[in-house]
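The values are calculated or read from the model by the stated rules, or taken from the named source; none is laboratory data. Since the structure is predicted, the reported quantities are computational estimates derived from the model, not experimental observations. All Cβ positions, even for glycine, are placed from backbone atoms using ideal geometry, and neighbour counts span all protein chains on display. Each accessible area value is taken on the protein alone, full model and side chains, heavy atoms only, with ligands, DNA and RNA left out. Shrake-Rupley method; radii C 1.70, N 1.55, O 1.52, S 1.80 Å.
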Amino acid sequence: DDSDRVLIRHELMAMTSAALKAIWAECFWDDRGDGLLVIVPSTVPTAKVLEFLLVALPIALKRHNGSCGAGTRFKLRAALDVGAVTSDEIGVSGQVIINAARLLDASALKRAISGSDAPLGLIVSDFVYHNTVRHARHVTDPAAYRRVRVRVKEASLPAWISLVGSPLQAPPQWMALLAAG
């Protein structure tokens, strides 16, 4: 119901801002009603964004889903792409934002996460996979991703999907956080 949706929106915002806490003040974000658009500045390495998302979000989602009623449990789909974004007085725009929205809407991602108990389904652009995921073994396992073709509206994009049930490989600086539970 509406009160459940409000709680989920607030939890999503809290989880996302906590996951990106180290860079949150630098980010632009927009509540899209059923999700968030977060623009991370180009000065933040994509591998660092992956680290924040793949470690903190699965933990937060599991904690939330384990401590609330059925009406407020949720799974999260996240898309990650990089590219030019323009801004003006009414917001942000750019092909990369459209591409990320298409990735997020991929039927392969929706099917994968609905058929899994993983709380987080991540889809990354082909560029992000080849230039970041394949080299960020301290954060994620490139073999945990599978290649898909996303066909949504006019878009036909190669992408990579990973279902994240828990941090795949926590960097040393996160071990204390994980141990604290």
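Which one of these is open to solvent by 90 Å² or more (accessible area, probe 1.4 Å), of a type outside the set (Phe, Trp, Tyr) and at pLDDT 95 or above: ARG137, ARG147? Being open to solvent by 90 Å² or more (accessible area, probe 1.4 Å), of a type outside the set (Phe, Trp, Tyr) and at pLDDT 95 or above holds for just one of ARG137, ARG147, which is ARG147.
One line per residue, one yes/no per condition, for (1) charged (D, E, K, R); (2) outside any loop (DSSP other than H, G, I, E, B); (3) at pLDDT 85 or above:
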| position | (1), (2), (3) |
| --- | --- |
| ILE113 | no, yes, yes |
| ASP117 | yes, no, yes |
| LEU122 | no, yes, yes |
| PRO158 | no, yes, yes |
| ILE161 | no, yes, yes |
| PRO167 | no, no, no |
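Note on the stretch 10-46: residues that are among the charged types (D, E, K, R) and closer than 19 Å to ASP105 by Cβ total 4. Residues in the stretch 20-35 that are under 23 Å from GLY69 (Cβ atoms) and surrounded by 16 or more Cβ atoms within 10 Å (Cβ to Cβ): GLY35 only.
Only one of these is crowded, with 20+ Cβ neighbours inside 10 Å, hydrophobic (A, V, I, L, M, F, W, C) and under 15 Å from SER125 (Cβ atoms): ALA47, ALA79. Name it.
Answer to the check: ALA79.
Answer yes or no as to whether ALA22 is among the small types (Gly, Ala, Ser) and under 13 Å from the mean Cα position of the chain (by Cα). Judged against the criteria, ALA22 is not a match. Test ILE8 against the criterion of being farther than 30 Å from THR86 by Cβ, among the β-branched types (Val, Ile, Thr) and at pLDDT below 90, and give yes or no. Answer is no for this residue.
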